[in-house]
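The values are calculated or read from the model by the stated rules, or taken from the named source; none is laboratory data. The model shown is predicted, which means the values in this text are computed figures rather than measured ones. FYI the Cβ positions are ideal-geometry reconstructions off the backbone, even for glycines, and counts take in every protein chain you see.
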Amino acid sequence: MTPKELLDTMLGYLGFVVEIAEMQSDGGNLTLQIYTEESRRLIGRDGEMLDVIQFLLNRLLQAKNKDAQKVIVDCEHYRSMREDRIVQRVRELAERVRITGRSLQLEPMNSYQRRIVHNAFKDDPDVATWSPSDSARIKQITLLKRQPKKEPAWITQDPSRRRCLLARSSPSSQVRDDASDAITTLESSF
């Protein structure tokens, strides 16, 4: 029995009248797109019913064949629209991190949603994402402002430039003032 036939049988037992289309996702996995008049009931609250159906389908497929490829179950493009909403919301929060420079912790997400967020920011020059280790109980992503890359040594040879670099990298104003006084003293002794 193919994944499409198995899903159609499962949904038939649950009382759904559906039409299923097979597609290949970007990752190469098979995606089964469901079309039905009862899409809200099939999707469930926050996509929970859809997640359960996908989980059960994959478990049944792996029970028959241990090497079965994972199948993604979607209903009327709900998952892709949800992914777009997640990325859009997190990009708005990332803009706040860019402006303020302060890190921001996101709400807990499942592993699929966390992967979407990490992939959305992997090439971002200003904002980085960080997740706790796998042993952490609550999985939350933290958005961090990326540290600027260190400048070449020849730039720091200019005394006024050294003060600017030191001022940016020092953690407190007292340390910055003490360091600036030390640099001035050293420069006057030469």
Query raised in the report: Within region 54-63, can you find the residues that are more than 15 Å from residue 112 (Cβ to Cβ) and either within 23 Å of the chain's Cα centre (by Cα) or touching a residue at least 12 places away in the same chain (Cβ under 8 Å) (or both)?
Result: 56, 57, 60, 61
Requested in this report: Tally the residues that are of a type in the set (Asp, Glu) and within 23 Å of the chain's Cα centre (by Cα), restricting the search to region 1-33.
Outcome: 1
Query raised in the report: How many of the residues in region 86-129 are without any contact (Cβ under 8 Å) to a residue 24 or more places away in the chain, surrounded by 11 or more Cβ atoms within 10 Å (Cβ to Cβ) and of a type in the set (Lys, Arg)?
Result: 3
Report summary line: residue 25 meets each of (1) of a type outside the set (Val, Ile, Thr); (2) in contact with a helix residue (DSSP H, G or I) (Cβ under 7 Å, 6 or more places away or on another chain); (3) loosely packed, with under 15 Cβ neighbours inside 10 Å; (4) within 17 Å of residue 112 (Cβ to Cβ) with one exception, condition (2)
Query raised in the report: Residues in region 70-85: is at least one over 30 Å from residue 18 (Cβ atoms) and buried (at least 16 other Cβ atoms within 10 Å of the Cβ)?
Result: no
Query raised in the report: over 20 Å from residue 143 (Cα atoms), touching a residue at least 60 places away in the same chain (Cβ under 8 Å) and of a type in the set (Val, Ile, Thr): does that describe residue 73?
Result: yes
Report summary line: Matching residues in region 1-19 (surrounded by fewer than 17 Cβ atoms within 10 Å (Cβ to Cβ) and outside any helix (DSSP H, G or I)) number 6
Query raised in the report: How about region 124-139: which of its residues are farther than 13 Å from residue 87 by Cβ and modelled with pLDDT of 80 or more?
Result: 125, 126, 128, 130, 131
Query raised in the report: Looking at 35, 78, which is the one that is aromatic (Phe, Trp, Tyr), in contact (Cβ under 8 Å) with a residue 24 or more places away in the chain and under 29 Å from residue 107 (Cα atoms)?
Result: 78
Requested in this report: Working carefully through the options 127, 117, 97, 87, find the one that is of a type in the set (Val, Ile, Thr) and closer than 23 Å to residue 24 by Cβ.
Outcome: 87
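Residues checked against (1) in a helix (DSSP H, G or I); (2) within 17 Å of residue 9 (Cβ to Cβ); (3) not assigned by TED's automatic domain parsing to the domain that holds residue 106; (4) not aromatic (Phe, Trp, Tyr):
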residue: 31; (1), (2), (3), (4): no, no, yes, yes
residue: 51; (1), (2), (3), (4): yes, no, yes, yes
residue: 54; (1), (2), (3), (4): yes, yes, yes, yes
residue: 63; (1), (2), (3), (4): yes, yes, yes, yes
residue: 86; (1), (2), (3), (4): yes, no, no, yes
residue: 94; (1), (2), (3), (4): yes, no, no, yes
